[in-house]
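**Student:** Have a look at the structure that comes next, please.
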Amino acid sequence: DAWINETMGRVAERHEALFERLGREYPAARVLVLGYPYLFPDGPPPRRPNDCASVLRRVDQAERQAIRDQTDRFNGLIRERALAAGLEFVSPEAIWEGREPCGEAGQFTNAVKPIGGDGSFHPSRSGQEALAQLVSCYLAEHPEAPAGGPAPGETGAPIECPGPAPADSAAGT
């Protein structure tokens, strides 16, 4: 907890300085700041034995939920600083639901693999395509910056977009 609080504070300070600089140096630009997706799916691991079940059993459900909660907190800090600097914040939460590493709808993020693999927690090709589509749909839906309310893209404020990009590999493969 101490490490995450200290790290979040340091990153938030850097974001604040960067966001203020972007707003100052590009006053006529629309700058979008994207939030972070969840690194773990909600709920228990799958029952069938596979890589995902193995990984998700190594990080128990309470820890995974705590990481999701910290992601929400971190995105809140980023959003707050982006809006204060006159920038816009877009959340990937709604499009990523079920597409976290080992998510039931497939993966938009490279999962950590117990043995070998390229598990990096970075967006896969389909995840990058989904983020690009999210930005495109956000700009089409909001020709001007929205005022107030939940962050566009959150589960409570999804951005209307054509169907999601196909996910990389089904969960557990």
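The numbers here are math on the coordinates, done by the rules we state, and not lab data. Keep in mind that what you see is a predicted model, and the values were worked out from it rather than measured. Cβ sites come from the backbone with ideal geometry, for glycine too, and all protein chains shown count toward neighbours.
**Student:** Could you tell me which helices of the chain pass both thresholds, a Cα extent of 15 Å or more along their own axis and a mean Kyte-Doolittle hydropathy of at least 0.0, with helices taken as whole DSSP H runs?
**Tutor:** 125-141
**Student:** Name the most mobile residue of Gly98, Gly127, Gly148, meaning the one with the largest mean-square fluctuation, in a Gaussian network model of the chain with Cα contacts below 10 Å.
**Tutor:** Highest fluctuation of the listed residues: Gly148.
**Student:** Which entry in (i) 21.3; (ii) 17.1; (iii) 15.8 matches Kirkwood radius over Cα pairs in Å derived from the coordinates of this structure?
**Tutor:** Checking each listed value against the structure points to (ii).
**Student:** Here's a follow-up. Magnitude of the Cβ-charge dipole of the chain, K/R +1 and D/E -1, about the Cα centre, nearest 20 debye?
**Tutor:** 400
**Student:** Could you let me know the centre-to-centre spacing of the range 21-58 and the range 126-161, using Cα atoms, in angstrom?
**Tutor:** Taking the Cα centre of each part, the range 21-58 and the range 126-161 sit 15 Å apart.
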